[in-house]
Amino acid sequence: MIEIRLAQEGEISQQKELWKLCFGDEDSYIDFYFQNKYRKRETLLLLYNGKITSMLTMMPIRTILPNNRAYNSAMLYAIGTHPDFRNYGFSTELMAHSEKYLAAQGTVFSTLVPAENSLFDFYGKRGYKKSFFVKETLFPIHEIMELEILCQYKVSISPTDPVEYIRRRSDILRQHFYIEYTIEQVEYQQKLSRQSGADIYALDFEHHCNEINSIKGCASVERIDKKRVIIKELLLPGENLYIPVLKKLSRILTADEYLVRTPANLGKSLKGTAHPFGMIKALQKFDSELLCAEQGYLGIAFD
């Protein structure tokens, strides 16, 4: 017998066990997630013969189109099925139920980030389209040191709060197709960043000949380990600003290599190639051509 419903009190330990079986994360990270991000009202469960067998999270977000129209949306996150019950169609059934549930609440779009490339086809068969792209560039520290700065700006990098981060993010992405996160979600990203030894940052630029500090950017950074740092989101309003930021960040957060993510249509001064990162599906009647106007940007994604 199959039952699909929202999570209830007293089920966290079962969900933690399922999470570990599905994703293999360390207990410390699983505990961190359930302490800082988990919400029963956002967690959908599939029970098979009374046992929690599949789970997914429905994070509330907003989809912003180039015409600056905003649509209530959800990001499906941590979609997993117990290894003993894979290929039963449980994930497909759970996702279909989540889409009906979300649509009934007026949610216009459902988005997700496939955990691996093979899953793009899996979700594609379920109506999701590749719409969000990212450029990833891996920089060994010696390459960053060798980069030539071509602008005359002084860079200031400082930890910031979620409200200011969202404001800067929206200013840079305005008139693009992108995902907007809630304050609560950016707060969670900040906790993830700080736990790793990094933070979310405000980036400010001052020209040597102009004391007015009017150029602003933002970055979300996590330390993977002592040797590796990931800049999960680097948003800047000018191509000549990326290299100064990388050089400054590499001095603040020392490591052997840095993985840098930028929107596919930005960061052209960096090497690297764009690739699909996230997918979207309309849950209400919608002109799909509006979603194909440009490559979308999803951002931090909590992956």
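Determine, from the Cβ-Cβ distance of residue 254 and residue 175 and an R0 of 30 Å, the FRET efficiency 1/(1 + (r/R0)^6), rounded to the nearest 0.05. Once rounded, the FRET efficiency stands at 0.25. Pairs of C-alpha atoms in the chain farther apart than 33 Å represent 27 percent of all such pairs. The length gained on full extension between residue 240 and residue 164, counted as 0.36 nm times the residue separation minus their Cα-Cα distance, comes to 25.1 nm.
Computed over region 105-240, relative contact order equals 20 percent, with contacts defined as Cα pairs under 8 Å that lie 6+ residues apart. Accessible area per residue for the chain, computed on protein heavy atoms with a 1.4 Å probe, is 48 Å². The Cβ shell under 13 Å around residue 134 holds other residues with a net charge of +1, Lys and Arg each +1, Asp and Glu each -1.
Each Lys or Arg adds one and each Asp or Glu subtracts one; over the other residues with Cβ under 12 Å from the Cβ of residue 219, this totals +2.
Centroid-to-centroid, using Cα positions, region 1-77 and region 96-165 are 19 Å apart. The per residue volume of the convex hull around the alpha-carbon atoms of region 168-264 is 112 Å³. Relative contact order, whole percent, for the chain stands at 21, derived from Cα pairs under 8 Å and 6 or more residues apart. Every helix of 4 or more DSSP H residues in the chain counts as -39500 (n - 2.57), and over all residues that averages to -8500 deg cm²/dmol at 222 nm. Projecting the Cα positions of 181, 252, 236 onto the charge dipole of region 171-257 (unit charges on Cβ atoms of Lys, Arg, Asp and Glu, taken about the Cα centre) puts 252 furthest along the positive direction.
Residue pairs exceeding 22 angstrom between C-alpha atoms, taken from 20/51; 247/268; 247/271; 154/226; 100/129; 37/130: 154/226; 37/130. Apolar share of the accessible surface for region 1-154: 48 percent from carbon plus sulfur atoms, 1.4 Å probe. Look at the alpha carbon pairs under 8 Å that are at least 6 residues apart: their mean separation over the length of region 1-95 gives a relative contact order of 29 percent.
Here the chain carries DSSP beta bridges of which approximately 85% are antiparallel, counting only pairs with both residues inside.
The values are calculated or read from the model by the stated rules, or taken from the named source; none is laboratory data. Just so it is clear, the model here is predicted, and its values are computed rather than measured. Note that we place each Cβ from the backbone using ideal geometry, even for glycine, and neighbour counts take in every protein chain shown. We work out accessible area using only protein heavy atoms, side chains counted, and drop any ligands, DNA or RNA first. Shrake-Rupley method; radii C 1.70, N 1.55, O 1.52, S 1.80 Å.
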